[in-house]
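Some notes on the structure that comes next.
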Amino acid sequence: MIEIDGLTKRYGGTTVVDAVDLRVPTGSITAIVGTSGSGKSTLLRMINRLVEPSAGTVRIDGRLTTEEPAHALRRRIGYVIQGNGLFPHRTVAENIATVPRMLGWSDVRIAARIEQLLLLFGLDPQIHAQRLPAELSGGQQQRVGVARALAAGPSVLLMDEPFGALDPIIRAKAQTDLRAIQQQLKTTIVIVTHDMDEAFLLADRIAVLDNGRLLQYDKPTRLLTAPASAQVSALTGTADRALRLLSLDTVMVAMAPGHADGLQLSASMSLRDALSALIWAGVRAATVCGADGEVVGQVTLEAILARGAAHQ
Ligand code: ADP
Ligand code: MG
């Protein structure tokens with residue numbers, strides 16, 4: 001768990017992060033959102049002391065981050081920035097080995113870790129380990145950047161707009177991959193993004209910052225159905241909030257017994273995609289299939305409408 005209390009940063013007379021309190025549960029993903037200049041990066045960088053707070057405290061698993069030197073703290077916390085920050089003249093393997101080497105791991109242990117991480121990120125160790133970053137695609141470079149940050153098995157991973165430079169299709173893949181890897185490794189992740197769709201896709205909780213102040217810290221559904229202020233609604237977007245709400249649930253939760261003629265949908269599909277499929281097919285109901293293609297029930301337009309409404 002990351003416990004942030006009264007965290008504040010001032011530059012001269014300007015307060016850019018203003019007395020923020022935040023609890024990030026172990027193994028969860030928190031997204032920090034807000035307009036440009038709202039203090040997102042500064043808040044994130046105070047967690048690993050790349051920026052020293054003017055006031056307030058950060059505890060990780062109960063321990064104050066000021067109890068050890070900043071460089072030692074940063075070896076225990078993964079950090080990923082936009083454009084991946086890889087060393088251009090070092091191979092992929094050497095890049096991933098950076099922190100394990102600083103920590104004095106043996107060559108055998110480092111080699112095993114490199115292979116394990118490359119496989120986890122869908123890269124072939126035989127092909128990619130000895131390449132230079134420039135010899136990889138943008139999406140592959142980004143994956144190596146995340147692999148490097150995770151090399152020494154940190155319990156906390158900080159990410160500052162990590163996918164900002166990727167094109168939309170690669171970006172969507174990077175997001176779903178991150179979610180899958182996080183579920184496997186149980187890393188606690190804090191990710192800064194100005195992309196609200198990314199926040200809603202990835203986060204268990206979203207922190208909304210404005211002018212250095214925390215407006216709301218809540219589950220994605222709560223931000224939509226119980227925004228703390230009109231400002232929060234404006235930032236999360238009101239035009240498509242019903243669809244956002246539907247994107248957070250799967251067909252499974254709106255399913256009823258029975259079956260429908262024609263259209264078949266997967267139980268794991270989001271309700272947003274299911275609604276789109278129903279409209280496209282021009283039907284009011286579809287049969288729902290499980291992972292093995294077996295019929296498990298049906299989903300109707302009415303059931304989806306009920307889930308997309310604010311009073312749910
Ligand atoms: P965000 O990541 O949300 O875009 P930042 O945390 O980078 O915002 O910056 C918040 C505010 O703090 C901005 O107004 C920025 O200009 C200011 N700021 C950031 N770093 C410094 C610095 N080193 N010195 C002075 N002002 C800074
Ligand atoms: Mg920033």
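The values are calculated or read from the model by the stated rules, or taken from the named source; none is laboratory data. In this text the structure is predicted, and so the values were computed from the model without any measurement. Note: accessible area is taken over every heavy atom of the protein model, side chains too, but ligands, DNA and RNA are not part of it. Shrake-Rupley method; radii C 1.70, N 1.55, O 1.52, S 1.80 Å.
Mind running the shape call on region 221-293? Use the C-alpha gyration tensor, a ≥ b ≥ c as the square roots of the eigenvalues: rounded below 1.5 for a/c, prolate if a/b tops b/c, oblate otherwise. Before the final figure, lay out the partial values.
On the way: a/c = 3.41, a/b = 2.33, b/c = 1.46.
Prolate.
When DSSP assigns beta bridges and you keep just the ones with both residues in region 147-282, what percent turn out antiparallel, to the nearest 5?
Working: 6 of 11 bridges.
In region 147-282, DSSP labels about 55 percent of beta bridges as antiparallel.
Work out which helices of the chain, taken as complete DSSP H runs, extend at least 27 Å along their axis over the Cα atoms and score a mean Kyte-Doolittle of -1.0 or more, then list them. Write out the running numbers ahead of the final one.
Details: long enough: none.
Both cut-offs are met by no helix.
For region 10-22, take each phi angle, set θ = phi - 60°, evaluate the Karplus expression 6.51 cos²θ - 1.76 cosθ + 1.60, and give the result in whole Hz per residue in order, putting x for glycine and proline.
Couplings: 10, 10, x, x, 9, 8, 9, 10, 10, 6, 8, 10, 7 Hz.
Between 292, 261, 218, find the one with the highest GNM mean-square fluctuation for the chain; connect C-alpha pairs within less than 10 Å.
292
Could you check which residue among 233, 276, 247 shows the biggest mean-square fluctuation in a GNM of the chain with a 10 Å Cα cutoff?
Highest fluctuation of the listed residues: 276.
Per residue, how much accessible area does region 108-241 have with a 1.4 Å probe, in Å²? Write out the running numbers ahead of the final one.
Numbers: 5990 Å² over 134 residues.
Accessible area per residue, region 108-241: 45 Å².
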